[in-house]
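Here the structure is laid out as structure tokens; the discussion comes afterwards.
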Amino acid sequence: MKKVTAIASIFLFSILRLQQFLHVSSSPLLYENQVHNESSGERNFEQEQEDAPEVRCSRDRSRAAWKVIDQYLTPFVEKENYQLSKKCRLLPENDMFRDQEEHKIYLDRNEWRCGYCKKSFREEKFIDQHFDKRHYNLLDLTHGKCLADLCGALHCDAAMNSKSSRSKCNPEAAARNRHLCESLADSCFPISEGPSASRLHELFLHQFCEAHSCSGKHKPFSRGGKDQGSFFRLAVGALVLVLLPVFYLFLYLIQSDMKGRTQELRRISKSGWKAKSA
């Protein structure tokens, strides 16, 4: 009974360790949904409030658009070794928040650091507000630099799994988004530029544009994106590493128990044989 209890305790400890590992490993993919408070060692954010010109571009939706591009388009562009033209609105430099996002340092789920002034925060939204108030002058407000304007074409709502992506389809909105999507395909991947551009043009239409329809026949990102199986393979490997020693320990304890019982049976048998002989 004690051995069974020991095995159960070791198994429970291993599961808890694995759960902790998976939580730490996946935290960069989920940080946007976590709720934090500003670092206790910093001044309250209210003390930083300043009057700043309003930016008519959503940082959150621009970030979502950039993630869609990075996940579902960039791998194919890199595979073709294709250079996007300066006219393409999907270029990183056409994101007014790109420089600030690259100066956002993620340390752990409770700490973010500003790459400009090294100030620390305990939630991403606070560092976003810090950028808006303290580093507003670093934004590129050039016309056409708002990636959020492309969210309709890039299916940001579907990528963010927002309620609007599950709302009733509006044919007029679908037609507008399809037109914008096709214009992006034409400007970023002109067919006249060669085989690589032609292949990427076709891929962009399949990946993004065909889904702008109320028929429901096509889904966005049909060609896939970056390999998302690496994390799951890592998790499986960790599970094997954690459970394999437990398995061998279990076998060892079972064998030890069986060996002890065999010796006990032999002793009883010998005692019984001696008793009969007497």
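The values are calculated or read from the model by the stated rules, or taken from the named source; none is laboratory data. Treat the numbers as computed from the prediction; the structure is a model and nothing was measured. To get the accessible areas, we keep the full protein, side chains included, count just its heavy atoms, and leave off ligands, DNA and RNA. Shrake-Rupley method; radii C 1.70, N 1.55, O 1.52, S 1.80 Å.
The table below gives the values:
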| quantity | calculated |
| --- | --- |
| The stretch 104-210 - convex hull of the alpha-carbon atoms, volume per residue in Å³ | 168 Å³ |
| Over the stretch 166-224: Rg over Rh, Cα atoms, Kirkwood Rh | 1.03 |
| Accessible area (Å², per residue) of the stretch 136-178, counting only protein heavy atoms and a probe of 1.4 Å | 63 Å² |
| Interatomic Cα distance distribution for the stretch 48-170, bins of 10 angstrom, percent | 12, 37, 35, 15, 1 |
